[in-house]
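K.L.:
Below you will find the structure I want to go over with you.
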Amino acid sequence: MRSDLIYGALTHISNRYQLCQLASKATRKLHKPNTRLQDTTNEVLVRFHEASPMGMGMNGDVKVVSEQVSQQRRAA
């Protein structure tokens, strides 16, 4: 469920507003045409749970997540 993903992502980000901002930016950057937006959002929240998106600052976070996703998609 998405609520479980959100609470998991809150382990690294305590501010819910900031989580929403980071997740929306990352979702916009990572979304591919012909895929469901919900799946992209869920993927972003899983990644926020696994690693802290706050490591490099607001603008660098999306780049780091984007690079990780592109590397894993190439490997698959």
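K.L.:
For the range 14-36, how many residues are of a type in the set (S, T, Y), surrounded by fewer than 17 Cβ atoms within 10 Å (Cβ to Cβ) and either closer than 15 Å to V46 by Cβ or modelled with pLDDT of 90 or more (or both)? Reasoning before the result, please.
P.N.:
Step one: of the range 14-36, the residues of a type in the set (S, T, Y) are 14, 17, 24, 27, 35.
Those left that are additionally surrounded by fewer than 17 Cβ atoms within 10 Å (Cβ to Cβ): 14, 17, 24, 35.
Subsequent filtering for residues that are either closer than 15 Å to V46 by Cβ or modelled with pLDDT of 90 or more (or both) retains 17, 24, 35.
Total meeting the criteria: 3.
K.L.:
Can you report the number of residues in the range 1-11 which are in a loop (DSSP other than H, G, I, E, B) and either touching an Asp or Glu at 6+ places or on another chain (Cβ under 9 Å) or surrounded by fewer than 12 Cβ atoms within 10 Å (Cβ to Cβ) (or both)? Walk me through it before giving the result.
P.N.:
Within the range 1-11, the first condition is being in a loop (DSSP other than H, G, I, E, B), and the residues that meet it are 1, 10-11.
When the remaining residues are screened for being either touching an Asp or Glu at 6+ places or on another chain (Cβ under 9 Å) or surrounded by fewer than 12 Cβ atoms within 10 Å (Cβ to Cβ) (or both), the result is 1, 11.
Matching residues across the range 1-11 total 2.
K.L.:
I need every pair where a residue in the range 4-30 that is over 12 Å from F48 (Cα atoms) has its Cβ under 6 Å from the Cβ of a residue that is surrounded by 12 or more Cβ atoms within 10 Å (Cβ to Cβ) and at pLDDT 90 or above, sequence separation at least 6 or different chains.
P.N.:
L30/T40
The values are calculated or read from the model by the stated rules, or taken from the named source; none is laboratory data. Every value quoted in this text rests on a predicted model; they were computed, and no experiment measured them. Because the Cβ atoms are built from the backbone with ideal geometry, glycine has one as well, and the counts that use them run over all protein chains shown.
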